[in-house]
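Have a look at the structure below before the remarks.
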Amino acid sequence: MGADELLPRVAQGDQGAFEDLYGLVSGQVYGLVRRVLRDPAQSEEVAQEVLLELWRGAGRFDPERGSALAWILTLAHRRAVDRVRAARAASDREERVARRAQTPAFDHVAEEVEAGLEREWVRRCLDRLTALQRQSVTLAYYDGYTYREVAHRLSVPLGTVKTRMRDGLMRLRECLGGGLA
Amino acid sequence: MNLFTGPHSLAGPYALDALDGRELRRFERHLARCAPCQEQVRALRTDTLRLARAASGTAPEGMRDRVLTAVRTLEQERSPQRPAPRFTLRPAPVAAAAATLALIAAALLGVQLTRTQDRLDREQAQARAIAQVLAAPDARTTGERFPDGSAVAVVSSPGLGRAVVTVSGLDAPPRGKDHQLWLTGAGNPRSLGLLDGDEPLVAWDFRGRAGALAVTTEPDGGSLAPTGRPLVQLALKSDVFGE
Ligand SMILES: [Zn+2]
C-alpha cells in the first residue's frame, strides 16, 4: 500500500497503517530534515516531531490538493526550515554563513545519504542550471534561506532571485521530465 | 498579469518555502484567491518534491521505537478542519537528546512540551532528577493509554536505575486516601511513591526484571503493601530495566 492509501487509514487511528507509513517515509523525512539542518541530533528531533504530527494531524490531509508524499515532505521541509532559521537567528550568523559559503551545497551529507537513482538525476539536472538558478534554488531549499537572504548573499536584486527561483525550478522540471516520476 | 513583479512574482520563493513572516502571510492570502498563482505553485511544488526525494536518507535506529511507542498513547486531533495546535519546541533546558526524549515523554503524557519544560524550569530539584533521566544515553520509553482515558508513561534509565513515571486521567482519590504507585514482579510489590495528580514521579530505585506498574488507592500517606485493587496496570518488559 502506498502513502496515499495509508494516510487516510492513519487518520482513522489505524496504528498498523502508521507503522507501514513510517516504513515508507521515515527515511525520506529524516533525510530531508537532515539535509537542511545538518546536525544529526537536531534532525532526529525535528523528524520525530514531523512523524508525530503526521499521526496527530493525518486528518488534515486533503487528497484533492496533491499526493500524500508531497504533503508529508512539505510538512517536513517547513519544520526543518523553521528550525534552521530559529537556530540561525539565535547563533553566530556570520560565522555560520562564512563556513557554509565555502562548501558546495550538494556535498554536505553525501556519505550519509543513500545514493539513489533519483538523487543522481536531480544532481545532474541541477548541474544544468545556470549558477545563479542553482544557487538560488539550493540555498533556499537545502539551506533554508529566505529569498531575501539569498539575494543578500548572492548580491543580486530581489527581483532577480524571485525569477531565478521560478525559472530554475522550471528548468529542473524539463530536465527531470524524462526521469523518475 | 505580470509574473515578474507584484504578488504573483512570489510563487517561486513560496514553493521553496523561502518566504517568512508577514510576507508569507500576505502571499498566502493572495494565493487563496489567485488561480494563476495556485496553478504555478502546484506545478513548482512537483519540482521541489523531486528535490526533497533526492535528499532521502536512513532514519536513525532508535527513532522507530520511540515514535511508534509515542503513537500508542498520543491522541489525534479531533477536528480535521481546524489547524493543529503546533508542537512547538522551545529551546531545550537540557541537552538536545533530552529535548527529543522530552518530546516523546510529552507525547506519551499527553501534555504540551512547553508545560513540561515550564515545569522543568520551575521545580528545580525534581526537575534536575527528571532531566537527568531524560538525558541519560540509555533512556527508553514505554507507556499506554487505556480505554477509560487513563494513561501511564515511563521514561527509564537502567544505568541510573531511575525512571520518571506519569499517571494521568485518574479520578482524584477520595478524601483521606492517596494513590500509590507499585512495582510488581519477582517478590513483594515495592512502593515507588505516592502520586500527586498527574505530576511526574521520579522512581529512585527502579530495578528489576519484567514486571508491572500498578496504582492502588491506599489510606492517607500510603501503605507498606498494596491493600486495594489496581486502578491501572502497565506490564513492563525486561528491556525497561535494560535486560
Ligand atoms: Zn497571483
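Table for the structure above
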item: Simple spin-label estimate for B:GLU243 and B:LYS177 in nanometres, 7 Å along Cα-Cβ; result: 3.3 nm
item: Euclidean distance of C-alpha centroids, region A:128-181 and region B:28-58, integer Å; result: 13 Å
item: Peptide B:40-48 - average C-beta neighbours from other chains (10 Å radius); result: 6
item: For region B:176-191, 3J(HN,Hα) per residue [Karplus equation, 6.51 cos²θ - 1.76 cosθ + 1.60, θ = phi - 60°, Hz, x = Gly/Pro]; result: x, 10, 10, 8, 10, 9, 10, 10, 10, x, 5, x, 6, x, 10, 6
item: Peptide ranges B:215-222, B:51-58 listed from the most packed, as the mean C-beta count within 10 angstrom indicates; result: B:51-58, B:215-222
item: For region A:30-72: accessible area per residue (Å², 1.4 Å); result: 29 Å²
item: Region A:1-91, accessible surface, carbon-and-sulfur percent (1.4 angstrom probe); result: 46 percent
item: Accessible area buried at the B-A interface, both sides summed, 1.4 Å probe (Å², nearest 100); result: 5900 Å²
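The values are calculated or read from the model by the stated rules, or taken from the named source; none is laboratory data. Not measured: the values here are computed from a predicted model. In this analysis, Cβ positions are derived from the backbone assuming ideal geometry, glycine residues included, and neighbour counts consider all displayed protein chains. For accessibility, only protein heavy atoms count, side chains too; no ligands or nucleic acids. Shrake-Rupley method; radii C 1.70, N 1.55, O 1.52, S 1.80 Å.
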